[in-house]
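Below you'll find the structure, written out as structure tokens, and then a few comments.
The values are calculated or read from the model by the stated rules, or taken from the named source; none is laboratory data. Not measured: the values here are computed from a predicted model. Here the Cβ positions follow ideal geometry from the backbone for every residue, glycine too, while neighbour counts run over all protein chains shown.
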């Protein structure tokens, strides 16, 4: 196959890092984003390059890409609770119509497509850690259902295009990921804690803080996606760091890392918030020869400088 790739959601946190990865690997990258939650600042450094093009387009509308296309990475979607609770219909549409249009394009171009699924398809899991054969425990009419079910539908239609139309598909189930270019106001635990600690505010924990998460550094995740795309495995693969930690302990880690004097305060746990989250990455190890290289402490140190700059920039703009 050639090396011309379309990346949807390219101006977002994950998408922009994928653009960097594939540019570095010598690909011709076509970046697509409607900028609903993405920022051009994340990819502006790529605009002068001959092998990079940007299309301002909403994937829930018909997608036309002239010429040969070898790969598609479908990463368009609001991805944090604060976004998808504010934009429930758009979230459902990008997971359904957006995926349908990307799969149709892959069928037409006879190219391989990788879709970005999520650990949220497991919902509030009844087994621990979560492996790919677990079907999940999701409330379809709960507040998080708009994201969870959009991604579950995405997996189903991707699998159907593979079995019925013979489209060459890959499915990445992505667990909590962090690093530079995260929005400091996106509502997820890490950017929220970083912002509060660096701004000398109290750190807010929902519930008693005993719920767990597993955080993967962005460079590790991008390498996993790259390997999965180039693999021969069409069934879902978990990509994440199995180093599990409680939210309470994680907040304390951020306080210690930043040298903050912030206090931890508690608020009501949102409905259907998962009580535990840890990936079983046995398949990724066996099929992709992949596992995270960065410990959480290493990744957080690398991420801290970005958040300091982002908060300083926000203060200047305000």
Residue count for segment 299-308, restricted to those that are surrounded by 11 or more Cβ atoms within 10 Å (Cβ to Cβ) and either touching a helix residue (DSSP H, G or I) at 6+ places or on another chain (Cβ under 6 Å) or over 30 Å from residue 171 (Cβ atoms) (or both): 5
Filter result (under 22 Å from the mean Cα position of the chain (by Cα) and part of a loop (DSSP other than H, G, I, E, B)) within segment 200-224: 211, 215
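Given the criteria at pLDDT 95 or above, surrounded by 15 or more Cβ atoms within 10 Å (Cβ to Cβ) and farther than 14 Å from residue 175 by Cα, does residue 221 qualify? Outline the logic, then answer.
Working: at pLDDT 95 or above: yes; surrounded by 15 or more Cβ atoms within 10 Å (Cβ to Cβ): yes; farther than 14 Å from residue 175 by Cα: no.
Judged against the criteria, residue 221 is not a match.
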Residue list for segment 229-263, filter: free of Cβ contacts under 8 Å to residues at least 60 places away in the same chain, under 20 Å from the mean Cα position of the chain (by Cα) and part of a helix (DSSP H, G or I): 247
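If I filter segment 107-123 for residues that are surrounded by fewer than 18 Cβ atoms within 10 Å (Cβ to Cβ) and part of a helix (DSSP H, G or I), do I get at least one hit? Working first, answer last.
Going residue by residue through segment 107-123, those that are surrounded by fewer than 18 Cβ atoms within 10 Å (Cβ to Cβ) are 107-108, 110.
After this cut, where a residue has to be part of a helix (DSSP H, G or I) as well, the list is 107-108.
Yes, segment 107-123 has at least one match.
So which of 2, 38, 26 is part of a loop (DSSP other than H, G, I, E, B), touching a helix residue (DSSP H, G or I) at 6+ places or on another chain (Cβ under 9 Å) and either surrounded by fewer than 20 Cβ atoms within 10 Å (Cβ to Cβ) or free of Cβ contacts under 8 Å to residues at least 40 places away in the same chain (or both)? Break it down stepwise before answering.
Working: 2 fails: touching a helix residue (DSSP H, G or I) at 6+ places or on another chain (Cβ under 9 Å); 26 fails: touching a helix residue (DSSP H, G or I) at 6+ places or on another chain (Cβ under 9 Å).
Going through 2, 38, 26 in turn, just one is part of a loop (DSSP other than H, G, I, E, B), touching a helix residue (DSSP H, G or I) at 6+ places or on another chain (Cβ under 9 Å) and either surrounded by fewer than 20 Cβ atoms within 10 Å (Cβ to Cβ) or free of Cβ contacts under 8 Å to residues at least 40 places away in the same chain (or both): 38.
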Top-ranked residue in segment 79-106 [being in contact with a strand residue (DSSP E or B) (Cβ under 8 Å, 6 or more places away or on another chain) and farther than 17 Å from residue 234 by Cβ; ranked as surrounded by the most Cβ atoms within 10 Å (Cβ to Cβ)]: 98
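Which of the residues belonging to segment 126-137 are in contact with a helix residue (DSSP H, G or I) (Cβ under 9 Å, 6 or more places away or on another chain) and surrounded by fewer than 20 Cβ atoms within 10 Å (Cβ to Cβ)?
Our first condition is that a residue be in contact with a helix residue (DSSP H, G or I) (Cβ under 9 Å, 6 or more places away or on another chain); within segment 126-137, this holds for 130-132, 134-137.
Those that are in contact with a helix residue (DSSP H, G or I) (Cβ under 9 Å, 6 or more places away or on another chain) and surrounded by fewer than 20 Cβ atoms within 10 Å (Cβ to Cβ): 131, 132, 134, 135, 136, 137.
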Residue match in segment 145-166 (condition: modelled with pLDDT of 95 or more, in a loop (DSSP other than H, G, I, E, B) and touching a helix residue (DSSP H, G or I) at 6+ places or on another chain (Cβ under 8 Å)): no
Conditions (1) touching a residue at least 60 places away in the same chain (Cβ under 8 Å); (2) buried (at least 23 other Cβ atoms within 10 Å of the Cβ); (3) out of contact with any helix residue (DSSP H, G or I) (no Cβ under 6 Å at 6 or more places or on another chain); number of the one not met by residue 10: (3)
Residue among 172, 197 that alone is surrounded by 17 or more Cβ atoms within 10 Å (Cβ to Cβ), in contact with a helix residue (DSSP H, G or I) (Cβ under 7 Å, 6 or more places away or on another chain), assigned to a helix (DSSP H, G or I) and at negative phi: 197
Within segment 275-293, tally of residues that are in contact (Cβ under 8 Å) with a residue 60 or more places away in the chain and buried (at least 19 other Cβ atoms within 10 Å of the Cβ): 9
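Identify, please: which residue in segment 264-298 is part of a helix (DSSP H, G or I) and touching a helix residue (DSSP H, G or I) at 6+ places or on another chain (Cβ under 7 Å) and is, among those, farthest from residue 245 (Cα to Cα)? Full working, then the answer.
Of segment 264-298, the ones part of a helix (DSSP H, G or I) are 282-288, 296-298.
With touching a helix residue (DSSP H, G or I) at 6+ places or on another chain (Cβ under 7 Å) added as a condition, the list becomes 284, 288.
On the way: 284: 21, 288: 25 Å.
Taking the candidates together, the pick is 288.
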